[in-house]
Amino acid sequence: MSELNLVLLGPPGSGKGTQGERLNEDLRLPYYATGDILRAAVRDETELGRTAKGYMDAGDLVPDDVIVGVIAEALDSEAARDGFILDGFPRTTPQAEALDAKLDQLGRAVGTVLLIDVSDEEVVRRLGGRRTCVENGHVFHVEFNPPEREGVCDIDGSELITRDDDNPETIRNRLAQYHEKTEPLVGYYDQRGVLRRLDGERDPDEVAEEIRRTLATMRLEQDEDV
Ligand SMILES: [Zn+2]
């Protein structure tokens with residue numbers, strides 16, 4: 001069986017995390033969200049983890065070569081032998097180039113990039129409507145999952161607030177970053193013939209189903225190529 005090396009691409013609020021976790025369960029491939037593996041490297045005090053921690057402690061961004069190193073270590077592990085699911089990386093064209101170079105050294109390549117397409121309007125609607133309880137972080141949504149009493153957590157009765165991450169200005173900034181820095185990756189991967197576009201504005205179950213079909217079709221095509 002050929003390996004399945006997947007990258008999830010899409011704006012904040014596109015549901016990449018949800019789909020990544022499902023793929024992780026369905027395909028039994030390790031799911032690497034960038035923030036998580038950086039934190040794990042720091043926690044495990046690997047050499048690169050210690051380097052990353054130095055930048056984080058100083059309040060600086062962790063440089064690309066350190067992030068790529070941490071990710072390459074994860075991808076080169078036994079757990080990722082049959083493939084992997086990357087979420088949140090690469091985020092820029094230089095990162096994508098660095099990832100390709102690293103994978104090439106390992107005799108591997110990004111096989112499929114799943115672009116979960118969601119309009120800015122829908123991102124604002126999804127993220128801007130989130131309300132989080134101050135006590136335990138329970139999450140509600142004014143439109144999709146409203147609490148019984150406005151502004152009050154159903155579970156523990158504590159106050160619901162809009163987190164900084166979910167305020168309109170932050171969302172607009174994150175979207176601007178996405179369009180400027182990450183969206184060029186759509187063209188980058190399209191040129192390499194590995195991009196698959198999915199309409200992310202539908203129900204997560206439907207998106208998951210389309211991902212399943214897309215991957216099944218690709219497998220068939222690959223088998224025919226052999
Ligand atoms: Zn709560």
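For region 151-179, which positions are part of a loop (DSSP other than H, G, I, E, B), closer than 26 Å to Glu121 by Cα and within 16 Å of the ligand (Cβ to nearest atom)?
Within region 151-179, Gly151, Thr162, Arg163 meet the criteria.
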**Request:** Of the numbered conditions (1) assigned to a helix (DSSP H, G or I); (2) in contact (Cβ under 8 Å) with a residue 12 or more places away in the chain; (3) open to solvent by less than 60 Å² (accessible area, probe 1.4 Å), Arg212 fails exactly one; give the number of that condition.
**Result:** (3)
**Prompt:** Can you find a residue in region 95-104 that is touching a Leu at 6+ places or on another chain (Cβ under 6 Å) and in a helix (DSSP H, G or I)?
**Reply:** yes
**Leading residue by the ranking (surrounded by the fewest Cβ atoms within 10 Å (Cβ to Cβ)) among those in region 84-122 that are among the polar types (S, T, N, Q) and touching a residue at least 40 places away in the same chain (Cβ under 8 Å)** = Ser119
**Message:** Of everything in region 55-78, what is open to solvent by 70 Å² or more (accessible area, probe 1.4 Å) and in a helix (DSSP H, G or I)? Give them in sequence order.
**Reply:** Tyr55, Met56, Asp57, Asp65, Glu73, Glu78
**Request:** Working only within region 131-150, note down all residues that are hydroxyl-bearing (Ser, Thr, Tyr) and more than 9 Å from the ligand (Cβ to nearest atom).
**Result:** none
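The values are calculated or read from the model by the stated rules, or taken from the named source; none is laboratory data. Predicted model only: the values in this text are computed from it and were never measured. We place every Cβ from the backbone using ideal geometry, glycine too, and count neighbours over all the protein chains shown. The area values use the complete protein model at the heavy-atom level, side chains included, leaving out ligands, DNA and RNA. Shrake-Rupley method; radii C 1.70, N 1.55, O 1.52, S 1.80 Å.
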